[in-house]
Amino acid sequence: MVDSHNLIVNGSKKIFGEIYIPGDKSITHRAIILASLCKGKVKIESPLFSEDCNNTIQIMQSLGVRITKDNNNLVVEGKGINGLKKPTKKLDAGNSGTLMRLITGVLAMQSFESIVTGDKSLQGRPMERIIEPLKSMGANIISNKGKAPLNIKPNKSIKSILFCSEIASAQIKSCLILAALFVNEQSVIEEITSTRDHTELLLEYFGHTIERINNKIIITGGKDLKCKQILIPSDISSAAFFIIGALIKKDSNIIIKNIGLNPHRTGILEVLTKMGADIKIINKYMIGAEPAGDIQVKHSKLEPIKLSGEIISKLIDELPILFIACATCSGVSEFSNIKELRYKESDRIKSMEAGLRKLGIEVSSTENSFKIKGGKFGGGIIDSFNDHRVAMSFIIAGLISAKPVTVTNTLNINTSFPNFYSVLREAGVEIYRI
């Protein structure tokens, strides 16, 4: 675990060898929740044991589900669709917007009262985007001006939904899919842009029928899920830091093992390849319900890029580290349609702009766009703004900085990649706790 508030990177030699990344955070959240709605035991192999996912475990335990750790695995004794119990305390989602939005979809359909809260950062993130459609299904939710904590009262009656989301968000979609599981009628959920489909794949894996037509999902609830052992692939969002680290560090050559390659998550590979990256998928196979493979990455000269539109939803979590890659290019990179970055663990446009300027990179932004003129990193002290992806991005920048890079407030890394520090050390990076 990262146990210091500040980390300093003094550069590194080339990054080499095999890299092993922890389990996928998005899939782990969903696997724990859906396994809890199965009726019987489900073994989850290689889940991510991070703060965010540990909060998911604790919330499901508070709802009456027995969950035990068995070495690197979890055993979930599911209660079935109608088996959850009223919690005796507030449910704490910590720093996880994914967890809060997904579990609210489940809780909103229950006959008992619950309260979901989170840390200060999470309490500042918008929840109206799920509250309003859930209310149309009969949910009774009282919020703090559209934000957490959410007080979810027992509903009098629940009904199906016909909903088209104007925001490209897998969290909104998944929240409503989970809610629809409790309704004995057909629900239709549509999104303007196709987003990651881990929830749909897992439901199908657990034996639930879903009809998927383009960006439209048709689902009828009221049925228990079938118990089935599941293996979690490694997280491509976490792998992105090592992919870009190897690309920008001279003579680097790494193989990252067992990475999830869901087509909705591989936008970072598509974009980096267009930028000139030497990236190869050297092995492809299935891990549970998800495509996966091993990725080989070699140091490459990258070219600037302009991005907007649908591709943004396929790499929204990877944009901070992609900004670091673009800052090493000769020329100007531009990003549009990225307003959603302002509603993450921090305002990531603001956070990345402040940090890049500290390192000597010329940047500019609007409410919905970001522009980066490539240059050389000069070193400095960077505030992570308590955002794990911002922290890890600037640590990677330290690999090629002319002077040391110190990143403050890095305990947040534990929310998604608790062994990030040790994996970097094993790869030859000179990183220290201070």
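The values are calculated or read from the model by the stated rules, or taken from the named source; none is laboratory data. What you are looking at is a predicted structure, and each value in this text was computed from that prediction instead of being measured. Counting neighbours? That spans all protein chains shown, and the Cβs are built from the backbone with ideal geometry, glycine included. Remember, those area values only see protein heavy atoms, side chains included, never the ligands or the DNA or RNA. Shrake-Rupley method; radii C 1.70, N 1.55, O 1.52, S 1.80 Å.
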remark   = In the range 301-359, anything closer than 22 Å to T415 by Cβ, open to solvent by less than 30 Å² (accessible area, probe 1.4 Å) and hydroxyl-bearing (S, T, Y) is listed as S313, S346, S351
Residue check for E430: within 25 Å of the chain's Cα centre (by Cα), more than 24 Å from G97 (Cα to Cα), open to solvent by 10 Å² or more (accessible area, probe 1.4 Å) and not aliphatic (A, V, I, L, M) = no
key: Condition met for N258 (touching a strand residue (DSSP E or B) at 6+ places or on another chain (Cβ under 7 Å), at pLDDT below 95 and not in a loop (DSSP other than H, G, I, E, B))   = no
query = Just wondering, is there one or more residues in the range 28-40 that are modelled with pLDDT of 95 or more and under 19 Å from K257 (Cβ atoms)?
reply = yes
inquiry  = Considering only the range 200-218, I want to know if a residue exists there that is without any contact (Cβ under 8 Å) to a residue 40 or more places away in the chain and assigned to a helix (DSSP H, G or I).
reply    = yes
task = Could you tell me whether N151 is in contact with a strand residue (DSSP E or B) (Cβ under 9 Å, 6 or more places away or on another chain) and either surrounded by 18 or more Cβ atoms within 10 Å (Cβ to Cβ) or part of a helix (DSSP H, G or I) (or both)?
result = no
message = Kindly evaluate G83 against the criterion of being in contact with a Ser or Thr (Cβ under 9 Å, 6 or more places away or on another chain), assigned to a loop (DSSP other than H, G, I, E, B) and among the small types (G, A, S).
response = yes
request  = Kindly list, by first and then second residue, each pair from a residue in the range 169-180 that is more than 13 Å from H29 (Cβ to Cβ) to a residue that is of a type in the set (S, T, Y) and surrounded by fewer than 24 Cβ atoms within 10 Å (Cβ to Cβ), limited to pairs with Cβ atoms under 6 Å and residues at least 6 apart or on different chains.
outcome  = I172/S165; A180/S187
inquiry  = So E362 passes all but one of these: (1) over 18 Å from L307 (Cβ atoms); (2) touching a strand residue (DSSP E or B) at 6+ places or on another chain (Cβ under 8 Å); (3) buried (at least 18 other Cβ atoms within 10 Å of the Cβ). Which condition number does it fail?
reply    = (3)
ask   = What do you reckon, is K358 of a type in the set (D, E, K, R) and out of contact with any Ser or Thr (no Cβ under 8 Å at 6 or more places or on another chain)?
value = yes
